[in-house]
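Structure, as C-alpha cells:
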Amino acid sequence: MLVQDRPSPHAAAAGQKPPTSPRGAPGADRRHPRPFAKNLDFATWASEHSSKLLLLLFALASAAAVFLLRGAAPDAAALLCLDRSRSSSAGPAKLPYPDVAWSRVPPLAIAAAAPFASFRAERWIVVAVSTPPTAALAALARVKGWQLLAVGDSHTPAGWELKGAIFLSLELQAQLGYRSVDFLPYGSHVRKTAGYLFAIQHGAKVIFDADDRAEVPGNDLGKHFDVDLGSGVTNHPVLLQYSHADPNRTVVNPYVHFGQGSVWPRGLPLDKVGEVGHEVFYTEVFSGRQFIQQGLSDGLPDVDAVFYFTRKPPTSAFDLRFDSEAPKVALPQGMMAPVNSFNTLFQSPAFWGLMMPVSLSSMAADVIRGYWAQRILWEIGGYVAFYPPTIYRKDHIQAYPFSEEKDLHVNVGRLIKFLNEWRSNKRTLFEKILDLSYAMAEEGFWTEQDARLTAAWLQDLLAVGYRQPRLMSLEIDRQRATIGEGDMKEFVPKKLPSVHLGVDEIGTVNYEIGNLIKWRKNFGNVVMIMHVSGPVDRTALEWRLLYGRIFKTVIILAEQSNKELAVERCALSHAYKYLPKVFERYSGADGFLFLQDHMILNYWNLLQADKEKLWITNKIAHSWVTVPLESNKEEWFVKQGALVKQVIGNSPVHFQTNYKENMGEEKIAFCGSELFYIPRRFVEDFGDLVGLVGDLDLHHKIAVPMFFMAMDSPQNFDSEALAGTVFKTQLPANATFKTIYTAQAPAVFPVKVMNEIDFIKEAAGSLLQRIRLSIPCPEQSSRVPSRSSGIPRGAGWCPAAIRQRNPRVQKQPAPVVCQSDRSASLLLQAPSLTGARAFLRAGQLSRPAGRGDKPVRGAEARRAAGATSPRVAAGRAAHRHGLAFSTTISFLAAGDVAAELRSGTTGQGHVGEGRHPTRTGRGHAGGQLHHSVDLGVDSC
C-alpha cells in the first residue's frame, strides 16, 4: 500500500515540473563546486532507470500480496472480500456499555431568571397534556396540598394555561439543562420524564403520576394513599401481603383482590388472565416501605385492548367499580404485577423508577417501566402495594390500536422471568439500575437508546440533588421463613358487578357458571395443538385467548416459527411428524386434540365424547374419502398408496392386522385431518407409527387416517363425537361463515381468519352471537337428547327449578319450553350483544314446536308488542311465543367464569312475562330482556 503513495515515474515523462529543492538547483552552491558531479535531478534519474523501477514495483506488490493472503483459501475473490470477511468473522457488535463518572457529575443549579426558580413544594401531581385543559385537570389543580405540573408535547395547543398549574412547554423543557430531554420524542406522553426531574429539583418528596382525566374523590389524595411514610409503624402497622408460599408464582392480578375477578390490568400476561380465584391466605408485612403505591381506578380501569374491545359494544362506555373497602395489599419479593403511569404514587426512595423508556410503544412504556422498577425496588428493601380505588377515570370511548400493546403481549411473560433471575454485583444502586437497563437492552426488551437514556437520567438525578438510597440484601436470595398457621390471614373478596363481552352483570344476576365448570373439568387436562395457516403475528394471540381457558394449553404450529409468539415451525403437509414432540412435552395430559385454523370448534358439544377413544371425522362424507388404488390414474394417490403399503409392510403385526382388516390392501383413506383426538393410551402407538414413516414423504392427509386404522378399529372410535360437524367444501357465492355456523354442531368448516378483524367477525364473532331461547323441562329430562343437539344428557332445568332456587321469582308465571324438542336458536350480526336491539336485528325467531311453524320476524315482533323500545318489544314477543332466554357467548370472557369457579355461585335466569328476575324493582310487563352469561350453549 505504501507503494501506491510513491510518485509515479511517468510524471517526469509527461513533462511535469520537477519539485525544486529548497536550496536551489543542483550545483547552485558555488562554495563547493562539483564540476565532475552527475546531475541528480529525480525526474531525469527516473527516466533513465524506468525499467528497473518497474521491476522493483512489481516485486514489492507481489510480496505484499503474498503477505496479506497468507493462510487464506486459494479463492480468486479472497483479496476483494478481505475486508468483508474480517468484519463478518468478528460477529455482531456488542452494545457499548455506558461509561458514567458518578463522582464527577456537576450539580445543576436553577437559573435565577428561570420561571418558577424560587418555587418549592413537597407534593407534586405530574400529568402529560396534549389537549386543552379539562374539568378533571382543573379539579386536580385544586387538590389541597399538591402542586399540579402539566408537561406539554408537540400536540399541546399553543398558549396552554390552567390556573394553579405549572406548565412545561417544549421550549421551557429545552431550557432546563437535563441530559435526558435529548432522548425524549416530541409527540409522546413520555416527556413526563422532564416533569419528574423538574419536580424533584423543586423539592418533591412525593410524586403522584396521573393522567389528565383522573378525578380524585373528595379532592384529597391523603385519604387514599399513604403519603407520609415517616411515622411508619405508628400510623401503618401492617399490610396484607400476597403469600410467598409458591416460589413459582411470579405475577398476580390485583383486580381479583378488589372484587373484579373477570377484569385484568394492562400488562398482565394473557396466560395468567384465567387465574381468578381469590387467595387461600395472605401474610402480613410491616408498613413504611411501600415506596411505589398503585391505586385502582373506578370507571375505566387500566385494561388492555383485548379486554376493551371484547367486553362492550363500540359505542358504550365502561363504568366499573372496585371494592373500596378491601384492604390494601403488598407484593412480596419475587412477585410482580402491572404498574402504570395513570394512578401511581412514588415516594422519594423510588424516584429513580419514574423514568419512561422511549423505544417502546406508547401503551407499553409505563408497564415495562413498572416491572423494571419493581425489580430494582427489591434491592433497597422496598415493595409495591395496591390500594382500593383512588381515582375515577371517565371512559371517553377512544380506542387505540392493538398493535400499540404488542410489546406487552409478546414480551411481558419473558420479561418477568428474566427480572426474577437477574442479579448484579454492582456496589451502588445507580450502578445496578444502569446494569439492569443495559441487560434489558441486550435481551431485546428495549433498545440501546433506553440504556443510554438511563445513564443520562441517573446523572440528571444526581445533578438536581437526588441522593440514591442504600442497598439491602435480597430476601429472595435468603431462605424464607416458614409460614405458620398464625401467620395466615384470610380475606375473601366481594363479588362486584362486572361486564362480560358487552353483557352487563347486574347485582346478583347469574353466570350459569355450571357450563364452564363442566368444560374445564372435561378438557382441562387436554392439550390442543393448532396449526395456523394465516399470519401468526395477527392471529396467534387471538386463538390462544379463544381456546386457552378451556384446554390445558394451546400449542400453535405454523409454516414459519415465531419465537416471540411461541409459534413452532411445522409444515402442515407433515404436521403428524411433529406431534410426538408435543406428546413427550406433556406426558401427564389426558389426550391431544389437533385442530386446523380453518375449522371452528364448539367444544361444549363434546362433553359426552369418550376421551379414552380416538376421534376423527370418518363419518363426515367430504372430509373422509376412501380412494381405490387399482386403476387409479391420479399419480399422487398412486405414490401415496405405495408409501402406505411400504409402511404397513414394515409395521409390527398388530398394526398390520388392524390396518388390513379395516382398509384392505387395494385402497387408502384420504382425510382432511382438520380435527382429530388422540387419547393418552394411543400416544405411544402414534409415535411408533411416525417412526415407521421416518423420512418418507407421506402426506398428513394420508398418514393420519392410516395411523387411526392401524391403531384401532373404526368400530371402537367415538365416531359420533364429530358426526354432527358442519363441513362445506365450498361456500356458495352469496354465503359466509355466519350463514353456515351453528352452535349445535361440534365443529364448523370452513372459516378463513387472516387477521384480528377476521377473527372478530368470523371466529369469535360466531361464538359470541348465539342466543339460546330454550330451557328443558325436568319432567322430560329423562328423554336422552341426541348428541348433535348440543344438550347435556340429563339436563333438566326449567322455570320451576329456578323458582325453587330463587325465591325472588316464585310468583312469576313459568312458560314451559322443552329443550329436547322445542329448541329455538338465533344467530346475530357481530359484534353487538346489546340486548333486545341485537335480538330484533337478527330478523327471525323460530317458534317452538306446537306453536305453528310460521317464523316471527323482528318487525312483526315489534308491532305485535306495540312498543317502540326494542328491549320491551323483545320481552313481549318472547313471552307471547313462550320462549325463555339465555345468552351464549364464547369463552373469550374467560375471566368471568373463573371467579364463579372459586365463589361457587351459580344461578339461573329466564324471562317470564318479560320481567327481569333479578331486577324486579325495574321490571314491568314485557320489560327487560335478561342476558345471563353462561359462556356456552346450555342452561345449567
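The values are calculated or read from the model by the stated rules, or taken from the named source; none is laboratory data. Keep in mind that this is a model prediction, so the values were computed, not measured. No Cβ is skipped: glycine too gets one built from the backbone with ideal geometry, and neighbour counts run over all protein chains shown. What goes into the accessible areas is simple: the full protein's heavy atoms, side chains included, and nothing from ligands, DNA or RNA. Shrake-Rupley method; radii C 1.70, N 1.55, O 1.52, S 1.80 Å.
For residues that are part of a helix (DSSP H, G or I), among the charged types (D, E, K, R) and under 27 Å from His598 (Cα atoms), tally how many sit in segment 633-687. Please lay out each step first, then the result.
Of the residues in segment 633-687, the ones part of a helix (DSSP H, G or I) are 635-649, 653-663, 680-687.
Imposing the further condition that a residue be among the charged types (D, E, K, R) reduces the set to 635, 639, 645, 660-661, 680-681, 684-685.
This time we only want the ones that are under 27 Å from His598 (Cα atoms), so: 680.
Total meeting the criteria: 1.
If I filter segment 147-176 down to residues being in a helix (DSSP H, G or I) and open to solvent by 30 Å² or more (accessible area, probe 1.4 Å), which single residue comes out as nearest to His189 (Cα to Cα)? I'd like the intermediate steps shown before the answer.
Here is the first cut: in segment 147-176, the residues in a helix (DSSP H, G or I) are 170-174.
The next check asks that each one be open to solvent by 30 Å² or more (accessible area, probe 1.4 Å); those that pass are 170-171, 174.
Values: Leu170: 12, Glu171: 16, Ala174: 16 Å.
Applying the filter and picking the extreme gives Leu170.
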Can you name every residue in segment 583-597 that is surrounded by fewer than 19 Cβ atoms within 10 Å (Cβ to Cβ) and touching a Pro at 6+ places or on another chain (Cβ under 9 Å)?
Asp590
In segment 341-364, the residues that are open to solvent by less than 10 Å² (accessible area, probe 1.4 Å) and part of a helix (DSSP H, G or I):
Ala350, Phe351, Trp352, Gly353, Leu354
Inside segment 692-701, can you point out the residues that are assigned to a helix (DSSP H, G or I) and either within 36 Å of the chain's Cα centre (by Cα) or free of Cβ contacts under 8 Å to residues at least 12 places away in the same chain (or both)?
His700, Lys701
Considering (1) in a loop (DSSP other than H, G, I, E, B); (2) charged (D, E, K, R); (3) closer than 23 Å to Ala364 by Cβ, say which one Asp271 fails and leave the rest.
(1)
Counting only residues that are out of contact with any Leu (no Cβ under 8 Å at 6 or more places or on another chain) and modelled with pLDDT under 90, which one in segment 249-270 is farthest from Gln290 (Cα to Cα)?
Ser262
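Being open to solvent by 20 Å² or more (accessible area, probe 1.4 Å) and not charged (D, E, K, R) is the filter here, so list the residues in segment 467-480 that pass it.
Of the residues in segment 467-480, the ones open to solvent by 20 Å² or more (accessible area, probe 1.4 Å) are 467-473, 475-480.
Once the filter is applied, which keeps residues that are open to solvent by 20 Å² or more (accessible area, probe 1.4 Å) and not charged (D, E, K, R), segment 467-480 yields Gln468, Pro469, Leu471, Met472, Ser473, Ile476, Gln479.
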Is there any pair with a first residue in segment 567-578 that is in the same structural domain as Asp537 (by the TED database) and among the basic types (Lys, Arg) and a second that is open to solvent by less than 40 Å² (accessible area, probe 1.4 Å) and assigned to a strand (DSSP E or B) whose Cβ atoms are under 8 Å apart and which are 6 or more apart or on different chains, and what are they?
Arg569/Leu557; Arg569/Ala558
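Do you know which of the residues in segment 551-582 that are assigned to a helix (DSSP H, G or I) and surrounded by 21 or more Cβ atoms within 10 Å (Cβ to Cβ) is nearest to the chain's Cα centre (by Cα)? Talk me through it step by step, then tell me what you get.
Of all residues in segment 551-582, those assigned to a helix (DSSP H, G or I) come to 563-565, 572-577, 579-582.
Narrowing the set further to residues that are surrounded by 21 or more Cβ atoms within 10 Å (Cβ to Cβ) leaves 576, 579.
Working: Tyr576: 28, Leu579: 26 Å.
Top of the filtered list is Leu579.
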Can you name every residue in segment 618-632 that is part of a loop (DSSP other than H, G, I, E, B) and more than 40 Å from the chain's Cα centre (by Cα)?
Leu629, Glu630, Ser631, Asn632
Among the residues listed as Leu675, Leu692, the single one being closer than 21 Å to Leu572 by Cα and either open to solvent by 30 Å² or more (accessible area, probe 1.4 Å) or not hydrophobic (A, V, I, L, M, F, W, C) (or both)
Leu692
Looking at the structure I just gave you, is Ala399 at pLDDT below 95, aliphatic (A, V, I, L, M) and open to solvent by 10 Å² or more (accessible area, probe 1.4 Å)?
yes
Filtered residues of segment 139-184 (kept if touching a Lys or Arg at 6+ places or on another chain (Cβ under 8 Å) and closer than 24 Å to Arg393 by Cβ)
Ala141, Gly145, Trp146, Gln147, Val151, Gly152, Asp153, Gly164
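A quick yes/no check of all residues on (1) in a loop (DSSP other than H, G, I, E, B); (2) of a type in the set (Lys, Arg); (3) surrounded by fewer than 21 Cβ atoms within 10 Å (Cβ to Cβ):
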| residue | (1), (2), (3) |
| --- | --- |
| Gly267 | yes, no, no |
| Glu284 | no, no, yes |
| Gly295 | no, no, no |
| Lys312 | yes, yes, no |
Would you be able to say whether some residue in segment 394-417 is under 20 Å from Ile476 (Cα atoms), part of a loop (DSSP other than H, G, I, E, B) and touching a helix residue (DSSP H, G or I) at 6+ places or on another chain (Cβ under 8 Å)?
no
Criterion first (under 30 Å from Ile483 (Cα atoms) and open to solvent by less than 10 Å² (accessible area, probe 1.4 Å)) does Val367 satisfy it?
no
